[in-house]
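Colleague: Below is one structure. I have some questions about it.
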């Protein structure tokens, strides 16, 4: 799950950046008040996909850290109780 999220995040941010800067999404967004072209909307949705993938990565990382800390503390506490 972590690998899929990592690559999804990287690819979606890269595609969104190319669409936003390379195909005129930013220029149109800044210059226009009205309805935007699909480039603006697509790059926004793809960037949102990247943010969701980054959130999954962050939750997974901190979840793993908490699990490791809890396991380490259980082992330490178990060793102290068994040694007394």
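The values are calculated or read from the model by the stated rules, or taken from the named source; none is laboratory data. All values reported here derive from a predicted model rather than from experimental measurement. Note: ideal-geometry Cβ built from the backbone for every residue, glycine included; neighbour counts use all protein chains shown.
Colleague: Could you tell me whether residue 53 is modelled with pLDDT of 90 or more, more than 14 Å from the chain's Cα centre (by Cα) and in a helix (DSSP H, G or I)? Working first, answer last.
Modeller: Values: modelled with pLDDT of 90 or more: yes; more than 14 Å from the chain's Cα centre (by Cα): no; in a helix (DSSP H, G or I): yes.
Answer is no for this residue.
Colleague: Continuing with this model, one more query. Within the bounds of the range 62-84, is there any residue that is at pLDDT below 90, surrounded by fewer than 16 Cβ atoms within 10 Å (Cβ to Cβ), touching a helix residue (DSSP H, G or I) at 6+ places or on another chain (Cβ under 8 Å) and outside any helix (DSSP H, G or I)?
Modeller: The answer is no; no qualifying residue exists.
Colleague: Right, something else. Would you pick out the residues in the range 1-43 that are in a loop (DSSP other than H, G, I, E, B) and farther than 28 Å from residue 58 by Cα?
Modeller: 23, 24, 32, 33, 34, 35, 36, 37
Colleague: Out of all the residues in the range 27-50, which are loosely packed, with under 14 Cβ neighbours inside 10 Å and closer than 19 Å to residue 4 by Cα?
Modeller: Across the range 27-50, the qualifying residues are 45, 48.
Colleague: Turning to a different aspect of this structure: Looking only at the range 51-61, which residues are more than 13 Å from residue 7 (Cα to Cα) and surrounded by 14 or more Cβ atoms within 10 Å (Cβ to Cβ)?
Modeller: Listed by number, the list holds a single entry, 60.
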